[in-house]
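Since the structure comes first, as structure tokens, the remarks are kept for the end.
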Ligand code: NAP
């Protein structure tokens, strides 16, 4: 068996095209504020990519950079200032250690929280309300839906328990009728769990973490992990080996990554729609 490729790049392009069309008919255009603190090189790359992709589809985007040593009070007031002139706001993670990440994320207006990381939006998701949902989990679900891969009654195993990936993903999967297991660094014998998965989702960040012995014949394998091997970007899955065992598989790059960006931009558009509705109600 050779697995079919779940082409995140192609599906993301479809999303970008439809967002571009929708935004071209909007006046004013949505505005996105990206907050970046410090000099983390990866954060610089990610924020520039988000700006580039969002501007390509007509979102007005500004990156606001602050010094590593900015104090919490000043940062919070700058966030509120930028939030007032935008429909969507992103606080790029990770933040420097001197700042309380949770406190800062929760200071974002939930209606403008396009990352979906505030306690309000995560809580709503747990209650079954999918409004501004974190982009990576949302992108995984959208990709599966595009290929008509139903989750109902499926046994799904996730290797990751972060707030960015694993935890919101559990809620999305439960909402769709899957039976979910989460593995993490304290799980004993991860392979024992992954071998039972109809759908296996790995977000560890270690190259070749998922070997073909850990995968059930015919499973759907979603590789979220990103790491570097000999200068190349690779995922968690031993792609060449697992390709012959899975029924569907995401490549890295070109799988979950582009879907994440597409879902983030969809959230910006949704945030503007919510904001416009809210304004109408207030009138
Ligand atoms: P993270 O918080 O470091 O998550 C890594 C997870 O892997 C943790 O839950 C950790 O368990 C678990 N883990 C580590 N070693 C393990 C082991 N030996 N056995 C089982 N589980 C193990 O990072 P993250 O922010 O969620 O990101 C995870 C990966 O996904 C990274 O490579 C990141 O670059 C990638 N990512 C990709 C996208 C995309 O768009 N493609 C988006 C987000 C993240 P503990 O919780 O016990 O430490």
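Only the coordinates and a few stated rules stand behind these numbers; no lab work does. On a predicted model such as this, the values are computed, not experimentally measured, just so you know. Positions of Cβ are generated from backbone atoms using ideal geometry, with glycine treated the same way; all protein chains shown enter the neighbour counts.
Report, in whole Å, the centroid distance computed from the Cα atoms of the stretch 114-144 and the stretch 161-215.
18
If you count, for each residue, the other Cβ atoms within 10 Å and average over each peptide, how do 56-63, 125-132, 136-143 line up from highest to lowest?
Most protected by this proxy first, the peptides run 136-143, 56-63, 125-132.
Contour minus end-to-end for residue 18 and residue 71, with contour as 0.36 nm per residue of separation and end-to-end as the Cα-Cα distance? Let's see the in-between values first.
Values: separation 53, 0.36 × 53 = 19.08 nm, distance 4.03 nm.
Between residue 18 and residue 71, full extension yields an extra 15.1 nm.
First measure r as the distance between the Cβ atoms of residue 241 and residue 179, then evaluate 1/(1 + (r/R0)^6) with R0 = 41 Å and state the FRET efficiency to the nearest 0.05.
Values: r = 26 Å, r/R0 = 0.64.
Efficiency computed from Cβ-Cβ geometry: 0.95.
Given the alpha-carbon gyration tensor of the stretch 144-237, what are the semi-axes of its equivalent ellipsoid in whole angstrom, ordered largest first, with each equal to the square root of 5 times an eigenvalue?
Working: eigenvalues 87, 41, 39 Å².
In descending order the semi-axes read 21, 14, 14 Å.
Let's test this: bin the Cα-Cα distances of the stretch 226-274 at 10 Å from zero up to the farthest pair and state each bin's percent.
So the P(r) values, bin by bin, are 22, 36, 25, 14, 3.
Starting from the Kirkwood Rh over alpha-carbon pairs, what translational D in µm² s⁻¹ does the chain have by Stokes-Einstein at 10 °C and 1.306 mPa s?
The Stokes-Einstein estimate is 81 µm²/s.
Can you give the FRET efficiency to the nearest 0.05 for residue 188 and residue 217, using r as the Cβ-Cβ distance and R₀ = 22 Å?
0.40
I want the antiparallel fraction of DSSP beta bridges within the chain, as a percent rounded to 5.
Details: 3 of 33 bridges.
Rounded to the nearest five, the antiparallel share is 10 percent.
If each of residue 276 and residue 145 carries a label point 7 Å out from its Cα toward its Cβ, how far apart are those two points in nm?
Label at residue 276, label at residue 145, 2.0 nm between them.
Which of rounded, prolate or oblate describes the stretch 196-270 when judged by the alpha-carbon gyration tensor and an a/c cut-off of 1.5?
Taking the square roots of the gyration eigenvalues as a ≥ b ≥ c, the stretch 196-270 is oblate.
Taking the alpha-carbon centroid of each part, what is the distance from the stretch 239-283 to the stretch 44-93 in angstrom?
When both Cα centres are located, 19 Å separates them.
With each run of n ≥ 4 DSSP H residues scored as -39500 (n - 2.57), what mean residue ellipticity at 222 nm is computed for the chain after dividing by its residue count and rounding to the nearest 500 deg cm²/dmol?
Computed mean residue ellipticity for the chain: -12500 deg cm²/dmol.
How long is the gain from residue 84 to residue 129 if the chain were fully straight, where each residue apart is worth 0.36 nm and the alpha carbon distance is subtracted?
The span from residue 84 to residue 129 would gain 13.7 nm if fully extended.
Hey, quick one: spin label on residue 39, modelled 7 Å out along Cα-Cβ, who in the stretch 56-89 has an amide N within reach, i.e. under 19 Å?
64-71
Suppose the chain between residue 103 and residue 155 were pulled fully straight at 0.36 nm per residue; how much longer would it get relative to their current alpha carbon spacing?
15.2 nm
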